[in-house]
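Any read-out appearing in this document is the output of simple, stated calculations on the displayed coordinates, not a laboratory observation. On a predicted model such as this, the values are computed, not experimentally measured, just so you know. Every residue, glycine among them, receives a Cβ derived from its backbone with ideal geometry; neighbour counts consider all protein chains shown.
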Amino acid sequence: MYKTYSSSLSLGVSRRRRIFGPSLAVFLSALLLLLPLSISLQAQAPHNPGEPRERRHEERHQIEVVEEQWRQAILHADVAALGALLDDDYMAVTASGMLKSKEQTLEALRTGKLRVTSMDLFDRRVRFYGKTALVTGRIEAAGSTNEGDMSGNYRYTQVFVRNEHGDWKIASFEINRIREPKEHREHESKPTSR
């Protein structure tokens, strides 16, 4: 029985060699020829983790500069400076969940509906995805909106896009208040209405 099994096994192997032998060899040859091309294309891709450290550092620095210009424009209610930093398709999600376009954001700053007296950025993390940069971090701010006092600690996300001139523009901004442990308990204990 062992011989029969062995013989049928070798028969199956030899049959497979005849069927798959040349095809497998062609496939492996093509793979070996295309591998260097694939590696070369990946090395040329923007913001690849293998990209030179100096370039990544420079782009990170560019984002940090734009973010500081954004912070200063808000603190000084400089509508023109803020307008130059925001992409035309800019959209913000406020801490209360409202959507604000570029025009609405600039109008709120111009009319004083948004007044920020202090704003510090912490724990900033910048990640790149091609011509897009994603920034996450924390903001400690003081000021007011037409809804009232907005002072507190927040988490934020900003999306930057590189335009056709190579400039970074802010395309999106979202902010969420960080609740203190006491606030979490109060929020959880409130009954929900149906």
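Hey, how many Å between the Cα centroid of region 136-173 and the Cα centroid of region 50-75?
Value for the Cα centre distance between the two parts: 14 Å.
Where Lys and Arg each count +1 and Asp and Glu each count -1, what net charge lies around Val161 among other residues with Cβ under 10 Å from its Cβ?
Surrounding charge for Val161 is 0.
Using the Karplus curve 6.51 cos²θ - 1.76 cosθ + 1.60 with θ = phi - 60°, what ³J(HN,Hα) values do you get for each residue of region 146-162, in whole Hz, with x for Gly and Pro?
5, 8, x, 5, 10, 5, x, 9, 9, 9, 9, 10, 10, 10, 10, 10, 8
Ser172's amide H: which non-local residues (gap 5+, or another chain) put their own amide H closer than 5 Å, with H modeled 1.01 Å from N in plane and none for Pro or chain starts?
The answer is Met91, Val159.
Along its three principal axes, how long is region 59-194 when you only count alpha carbons? Whole Å, largest extent first please.
If we take the Cα atoms of region 59-194, the spans are 52, 33, 30 Å.
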